[in-house]
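Heads up, the thing below is written out as structure tokens.
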Amino acid sequence: SVLGVLLVLTIFHNPIIVYAGEGVPNVALFTFGDSYYDAGNKVFLSQRKDLPQTYWPYGKSRDYPNGKFSDGHIVPDFIADFISIPNGVLPPVLKPGVDISRGVSFAVADASILGAPVESMTLNQQVVKFKNMKSNWNDSYIEKSLFMIYIGTEDYLNFTKANPNADASAQQAFVTNVINRLKNDIKLLYSLGASKFVVQLLAPLGCLPIVRQEYKTGNECYELLNDLAKQHNGKIGPMLNEFAKISTSPYGFQFTVFDFYNAVLRRIATGRSLNYRFFVTNTSCCGVGTHNAYGCGKGNVHSKLCEYQRSYFFFDGRHNTEKAQEEMAHLLYGADPDVVQPMTVRELIVYPTGETMREYWEPNNLAIRRRPSRDFYLGLAAYY
């Protein structure tokens, strides 16, 4: 029952319910990355007229396709709502005439850290665009605002496809190259006045339905891609620690890291996904129909949508349903150190600019727990 769940939450943990806007200062939100954070920029950048995200069933939970890779809102939209950005939606920077006073999304589908993606932008190009628009916000506003980053999926998918037999040293060299470029881009943002960073770790890339289909692994994950994601993720925290410890700017460097990898893994692991009330399948449009994950949303493919998509974790071959996105946003905003550390997004927002961080990222082992994490109870609460 609802009462039972609330009692469990109260007994085991402090309350974790998030109230939008409560105690949150007037700040902006800027997002950078790929299709996970794309608020619709790809639609305005591409010359194509048949982009999947502009067709049903994308946007179904919000009544119409909105250029986002979900059936509705994505993580940045929920964060925008939590911090009382008007309409609870972050606008795409490439859409003419949008209100950017409370921030904007620079993320574009197919974006990467390395290379020159077709009809997309590298992370560096997104940061340079922010640089060119910086005069729209004053310095004090920028330094207290949030800068969220999620990118890297395309880099590792492309590397694996081009180098299926890469040995350990080649993999390590590639990861190091990606991380060094990412570090330079974050450094550039920092030099432009950004001081509060939220970096989302990569998902278990080998477990994406579209990857399991391409490499024909059935219900098993493609471990080469998972290993690359883990190598990448393991370098993020130490890199951000270094930035924070050597910061000489008067506005400082503050950050938090969201362990998206394990948050996803716990929800798709056999026997555990039911604990989070999500179904996981390997086919498109949350698992119903004769077409695989490439078909969802394509104009010439009549993929049949599952009856109740909010029950599923994946909406298409690599992106999550709105319900899953909402849960991830709650984890970012108010979860415990098993999920986001060294502080929550809500704590990061109110952390005084210019003040040295008292805690830093620390490696942890989410597989070893004395009791279920707050993440688990949040999943229950979200279901009921």
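The values are calculated or read from the model by the stated rules, or taken from the named source; none is laboratory data. Because the structure is a prediction, the values reported are computed rather than measured. Because the Cβ atoms are built from the backbone with ideal geometry, glycine has one as well, and the counts that use them run over all protein chains shown. Keep in mind that these areas ignore ligands, DNA and RNA; they rest on the heavy atoms of the full protein, side chains included. Shrake-Rupley method; radii C 1.70, N 1.55, O 1.52, S 1.80 Å.
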- Volume per residue, Å³, of the convex hull around the alpha-carbon atoms of the range 81-186? 125
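So if R0 is 35 Å, what FRET efficiency would LYS95 and ASN163 give, r being the distance between their Cβ atoms, rounded to the nearest 0.05?
On the way: r = 37 Å, r/R0 = 1.05.
It comes to 0.45.
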- Considering the options THR160, PHE130, THR176, tell which one lies farthest towards the positive end of the dipole of the range 127-187, charges being +1 on Lys and Arg and -1 on Asp and Glu at the Cβ, about the Cα centre. PHE130
- How many percent of the accessible area of the range 131-221 is carbon or sulfur, using a 1.4 Å probe? 46
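Can you tell me which of 95-105, 43-53, 254-264, 79-89 comes out highest on packing, and rank the rest after it, using the mean Cβ neighbours within 10 Å?
Values: 95-105: 17.1, 43-53: 14.8, 254-264: 23.9, 79-89: 19.8.
For the peptides 95-105, 43-53, 254-264, 79-89, the packing ranking is 254-264, 79-89, 95-105, 43-53.
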- Task: Any chance you could run the full-extension gain for GLN125 through ASN177? It's 0.36 nm times the residue separation minus the Cα-Cα distance, nm to one decimal.
- Result: 17.0 nm
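Give LYS131/LYS230; LYS68/LYS161; LYS131/LYS161; LYS95/LYS245; LYS42/LYS323 a once-over and call out the pairs whose C-alpha atoms are over 27 Å from each other.
Working: LYS131/LYS230 31 Å; LYS68/LYS161 25 Å; LYS131/LYS161 33 Å; LYS95/LYS245 38 Å; LYS42/LYS323 23 Å.
The pairs that break the limit, which is 27 Å between Cα atoms, are LYS131/LYS230; LYS131/LYS161; LYS95/LYS245.
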